[in-house]
Each structure stands twice: as C-alpha cells, then as structure tokens.
Amino acid sequence: MGLQIMQSRSTGKSHAKVILIGDHSVVYGQPAIAVPLPDLSMTATVTTRHSGQMILTPNYQGPMDSMGEVYEGVRQLITRLLKRFDATDLPFTLKISSKIPQERGMGSSAASSIAITRAFFNFFEKDLSQKELQQWVNIEEAVTHGSPSGLDAATCSSDVPVWFIKKQTIETLEMNLDGYLIIADTGIRGQTGLAVSVVREQMETAPEDTQGHLEALGSIAQIMRKGLVENDTKTIGQAMTDAHHHLQTLGVSHPSLDRLVKAALAAGAAGAKLTGGGVGGAMIALTDTKEEATQVIHALEQAGAQEIWSQHYVSQK
C-alpha cells in the first residue's frame, strides 16, 4: 500500500429520490422530473481497523469478500475505489445506516454508492467533482441494474430536482416549492418490467392513443417544471392527478394504487399519482401545509398503505 494521507474515520452522505413525473413516458423520449428526498438519508462511515475489511449494513454484517450476489455491485465499487487510492489491502470497517426503503423506486442503490464513494474520498482527503462522483456511482449501478440512466445517481446526490430526457439531458432545476410530499407504499411489490411491457403492447395495438397519452405526460412535465419554480402547489397537484389518469389509461396503475390516490385526494391533497413502475409499488401526494399532510397520512393509513414517508420542502425565496 502506498503512502497515503487519510483520516481514521470519515463519512459520506446521500438521500433518496422519487419520480415526480415521467414514469413510463421517459422511455419514449418525454421529459421526467425526479425530486430529492433529503429527509430519507443514508450515511456511510469508514473507520480504520487492525486487520480485515468488514462491511456492516442493515442486511449484511461480515467480511467484504463474503458478501452475497445482491451486494456484488457494492463490492465491485469498493474494490475499485481502494485500487484508485492504491490501498487494496487497507483494513477498514464500512458501516452503512439508511432510512431509505429498498426496492421502492427511491434510489437506495444509487444512494448507497454515493455515500460510499464520498466516504472513501473523504477518508483519503481527496476532492470529488460531481462528474467524477457520477462515474463512480455508475460502476455499482451498471452491475446491479444493467444499464442505468443516471437519473438516480444525479438526484440522490442533488439538493434540487433533476430534469431528465433519455440519452439527451440530465440537468438540475430551480425549485422554490414550499409544501409536503407524502410517499405511500401499497405493500404490493411494483412490477416495473411487467408495466413496461403493458405500455409497449399498447404502443403496438393502439399507437395513436398511446402516443397521445405519452405526449400529454410530456406536457405535464413542463407544467410541473414551471410550478416548482413558482411554488405553485395547486398547479403541481392538479398536474399530478392528471398524470395519474393518463397512467391509469395506459394500464400501469393498480387497484391498490387507485385506492390510495383517491383517499389522498378526498383528504385534501393538492394532487396524487403513482410513482415509478406502477402495477403496485408506491404513490405520492402533495399538500401545502403540515395539517393537510397529517390528514392525508391518516387517510392513507386507513386506506391500507403499509408504510408512509414524508418530505417537507422549504422555499428558498
């Protein structure tokens, strides 16, 4: 191992994300907006030890070389980071603590990579640019997800929303939103692959109608972009509800999602829609005030939501 400047302990942080608009339509070239969820955070802590390379996560505690297949992306990332710092044999403990639910479309995989990469760069006291961070995160994402779009990596490392058009644009957006975003899990595992197939089949059998819904979702993204800048909760909320209706027609919703969306709207949410792949999974709702958020959360619990998370955004203006 080469001579290194390093800390005895360092941390790296990241957070969750959620798709505000662009579910499915992004596959067909329409814009998507993902928003950060800073309250759902993840922290990676690297500390020196006398021997061994130990990993402590909520679901695995043990040596790095004994990690299971599900962690292969993480193992590859850490191995390459150590090589980058000429520290392949460094004895360390890496502890990951997370508030991000897994397999809920909230970017837990990208968030873990961001936190780990930041922790190791801090450990070796090296600067890390945003561009370089994305490159490191893509290592783990490529192993875990095949060909990542970069959307999760961008949003889980950003304090502001990300505007994304497939193979064209990833850029951050201004946001002055002052409100509460509520995320509720149906308890039914989302079927992203199945949902993508449903839209593809509709594209083949009813191309004009399907294209119309996809383009409408693209227009809604533009409306939401403007609403985020202007802190227009009412407009964003209506756009969310409109988007859900288009996604329902495309066949990617689910009775459990529709029930939660209906319950949120009845309880006074400005808007509500499914988020992510659909056919199960999670939905989101938006409110202006904490009181409204509390009412919506209560209604969602009564309607059968298994888990609920919330994010309070404070306007920068």
Can you tell which of V162, V137 is under 23 Å from S41 (Cβ atoms) and within 13 Å of the chain's Cα centre (by Cα)?
V162
With respect to R225, determine if the residue is among the charged types (D, E, K, R), at pLDDT below 95 and either outside any loop (DSSP other than H, G, I, E, B) or in contact with a Ser or Thr (Cβ under 6 Å, 6 or more places away or on another chain) (or both).
no
Considering only segment 10-69, how many residues are within 25 Å of E174 (Cα to Cα) and among the hydrophobic types (A, V, I, L, M, F, W, C)?
14
Is there any pair with a first residue in segment 205-216 that is in the same structural domain as Q248 (by TED's automatic domain parsing) and a second that is charged (D, E, K, R) whose Cβ atoms are under 8 Å apart and which are 6 or more apart or on different chains, and what are they?
A216/D242
Inside segment 132-159, the number of residues satisfying the requirement of being at pLDDT 90 or above and either of a type in the set (D, E) or surrounded by fewer than 17 Cβ atoms within 10 Å (Cβ to Cβ) (or both) is 3
For segment 174-189, give me the residue count where each residue is at pLDDT below 95 and of a type in the set (A, V, I, L, M).
3
Checking E140 against (1) farther than 15 Å from V26 by Cα; (2) assigned by TED's automatic domain parsing to the domain that holds V296; (3) part of a helix (DSSP H, G or I); (4) not basic (K, R), the condition it does not meet:
(2)
Matching residues, segment 53-75, being in contact with a strand residue (DSSP E or B) (Cβ under 7 Å, 6 or more places away or on another chain), surrounded by 12 or more Cβ atoms within 10 Å (Cβ to Cβ) and not polar (S, T, N, Q)
M54, I55, L56, G62, M64, M67
If a residue has to be among the polar types (S, T, N, Q) and either more than 17 Å from G22 (Cα to Cα) or crowded, with 18+ Cβ neighbours inside 10 Å (or both) to count, how many in segment 192-218 make the cut?
4
Got a sec? Which of A270, A293, A282 is modelled with pLDDT of 95 or more and touching a helix residue (DSSP H, G or I) at 6+ places or on another chain (Cβ under 9 Å)?
A270
How many residues does segment 178-191 contain that are buried (at least 19 other Cβ atoms within 10 Å of the Cβ) and among the charged types (D, E, K, R)?
1
For E291, only one of the following conditions fails: (1) within 22 Å of the chain's Cα centre (by Cα); (2) over 21 Å from P38 (Cβ atoms). What is its number?
(1)
Among the candidates G251, G268, G281, single out the residue that is surrounded by fewer than 22 Cβ atoms within 10 Å (Cβ to Cβ) and touching a strand residue (DSSP E or B) at 6+ places or on another chain (Cβ under 9 Å).
G268
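The values are calculated or read from the model by the stated rules, or taken from the named source; none is laboratory data. Note that the coordinates shown come from a computational prediction; the quantities given were computed from them, not determined experimentally. Don't worry about glycine lacking a Cβ; one is built from the backbone with ideal geometry, like all the others, and counts go over all protein chains shown.
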